[in-house]
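Below: one structure, written as structure tokens.
The values are calculated or read from the model by the stated rules, or taken from the named source; none is laboratory data. What you see is a predicted model; the values in this text were computed from it and never measured. Cβ coordinates were reconstructed from backbone atoms using ideal geometry, including for glycine residues, and neighbour counts include every protein chain displayed. For the accessible areas, the whole protein counts, side chains as well, though only heavy atoms, and no ligand, DNA or RNA atoms are used. Shrake-Rupley method; radii C 1.70, N 1.55, O 1.52, S 1.80 Å.
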Amino acid sequence: MKRFIVTFAVVLGLCAAGALSAAAKDKESDDTKVGDTAFTAYDGAQSWPTGNNPQINKEYSVPIYLSLPDKSYKVVGHITDKRDEGIDVVGKAFDEGLGSEKHRMRNVANQAKQHGADAVLVTDDEKVIKVFNLTKKELHESTPLFHYEHSIVLAIKF
């Protein structure tokens with residue numbers, strides 16, 4: 001019986017160590033996952049509108065501004081969902097209906113960080129959208145954040 005208890009304790013300890021190791025590995029990979037997002041660099045005029053009292057989500061690798069920042073910024077690039085043809089469109093539809101917006105937020109934050117951005121900007125400001133010459137339909141089809149289907153997602157630097 002004593003041998004069984006010792007064996008059980010060793011197995012339990014190994015399981016706990018494995019679980020901690022897996023959790024640490026998952027956290028590490030969470031900081032690099034970009035999912036089905038794509039990044040397109042922006043190299044144009046840098047005169048962007050600002051706002052007041054921006055709503056900021058700070059849960060990810062870089063902050064996500066859900067409204068215009070209250071300070072000047074430079075756009076590094078545009079982040080989109082790259083699934084736009086074939087079977088990928090079906091996967092995107094399932095993701096929109098069943099997927100996690102938290103995962104999509106994580107993906108855009110990581111995508112921005114990997115391209116040297118300080119933050120992500122999610123905005124439906126017409127002045128910003130006009131610079132990228134996108135229609136509401138194009139925004140809806142390319143957005144990586146389905147809760148913001150008529151907004152553009154940008155990687156920005158301050």
Does Thr37 count as at pLDDT below 95, touching a helix residue (DSSP H, G or I) at 6+ places or on another chain (Cβ under 7 Å) and farther than 17 Å from Val122 by Cβ?
no
Residues of the stretch 112-157 being open to solvent by less than 10 Å² (accessible area, probe 1.4 Å) and part of a helix (DSSP H, G or I), which ones?
Ala112, Val128, Leu139
